[in-house]
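Have a look at the structure below, then the notes.
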């Protein structure tokens, strides 16, 4: 059998980059993480790009759908994040459906509603149910010619109730990372930014493409 050499990861040159999301919290985090690398970022929302249907069943698949769509429509490299909360006692839910749990009847997202659903399902399992959880972030970096690179970051923690803190977004108020006593929403932005699932995925991306 002949060994096949792995393809080299494509490098990303400084310049225009689409952040393939309409989530203002993600745009803020990703823009801050990219700032040192000479990238001129613009969000999919600023470009009036539609949000594609996330039909994948994995974080990788959904990140790729968003990145490819933005790259195809803009003609620019595009970076997408698909991230979620995986709760051990719930079999990994909400997982790739993390945002779906926040959806309301009018199509908006209510993260307090989503956190309440998680808490209710855990409470139904009884007081001894594990509250261990993991935040996962998968980044897909796509070019208009169809090339895609993927990077993943994870951070383990424990879920608390009631939610704590006013910073952050999504499920941050109920997630306490291992080794800390504060929820992500109780941490200053810069501190959370330095060590969360998205930051770890970005560290892998930076090491590979810059």
So which residues in the range 114-144 are farther than 30 Å from residue 75 by Cβ, touching a strand residue (DSSP E or B) at 6+ places or on another chain (Cβ under 9 Å) and assigned to a loop (DSSP other than H, G, I, E, B)?
130, 131
Could you list all residues from the range 36-49 that are closer than 18 Å to residue 143 by Cα and part of a loop (DSSP other than H, G, I, E, B)?
38, 44, 47, 49
Within the range 67-96, the residues that are within 12 Å of the chain's Cα centre (by Cα) and closer than 24 Å to residue 32 by Cβ are 79, 80, 81, 82, 83, 84, 85
Residues that are crowded, with 16+ Cβ neighbours inside 10 Å and free of Cβ contacts under 8 Å to residues at least 24 places away in the same chain: does the range 134-148 have at least one?
no
Residue 165 - would you say it is on the phi > 0 side of the Ramachandran plot and either in contact (Cβ under 8 Å) with a residue 24 or more places away in the chain or crowded, with 20+ Cβ neighbours inside 10 Å (or both)?
no
So which residues in the range 77-95 are closer than 20 Å to residue 50 by Cα and without any contact (Cβ under 8 Å) to a residue 60 or more places away in the chain?
82
Please go through the range 96-113 and give me each residue that is farther than 23 Å from residue 63 by Cα and either part of a helix (DSSP H, G or I) or touching a strand residue (DSSP E or B) at 6+ places or on another chain (Cβ under 6 Å) (or both), ordered by number.
112, 113
Working only within the range 51-61, note down all residues that are touching a residue at least 12 places away in the same chain (Cβ under 8 Å) and in a loop (DSSP other than H, G, I, E, B).
51, 52, 53, 54, 56, 57, 58
Quick one: residue 79 ticks every box in (1) under 25 Å from residue 167 (Cα atoms); (2) surrounded by fewer than 17 Cβ atoms within 10 Å (Cβ to Cβ); (3) at pLDDT 95 or above bar one, so which box is it?
(2)
Pairs only if they're at least six apart or on different chains, beta carbon under 7 angstrom, first in the range 30-49 and touching a residue at least 24 places away in the same chain (Cβ under 8 Å), second surrounded by fewer than 19 Cβ atoms within 10 Å (Cβ to Cβ) and assigned to a loop (DSSP other than H, G, I, E, B); list them, first residue then second.
37/14; 37/210; 38/14; 39/14; 44/22; 45/22
I need the full set of residues from the range 184-210 which are more than 17 Å from the chain's Cα centre (by Cα), buried (at least 16 other Cβ atoms within 10 Å of the Cβ) and not in a helix (DSSP H, G or I), in order please.
187
Could you check residue 25 against (1) surrounded by 12 or more Cβ atoms within 10 Å (Cβ to Cβ); (2) at pLDDT 85 or above and say which number it fails?
(2)
If the requirement is being within 18 Å of residue 208 (Cβ to Cβ) and either assigned to a loop (DSSP other than H, G, I, E, B) or out of contact with any helix residue (DSSP H, G or I) (no Cβ under 6 Å at 6 or more places or on another chain) (or both), which of these qualifies: 85, 17, 33?
17
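The values are calculated or read from the model by the stated rules, or taken from the named source; none is laboratory data. All figures in this text were calculated on a predicted structure; none of them were measured in a lab. When we count neighbours, we look across all protein chains shown, and the Cβ atoms used for this are built from the backbone with ideal geometry, even at glycine.
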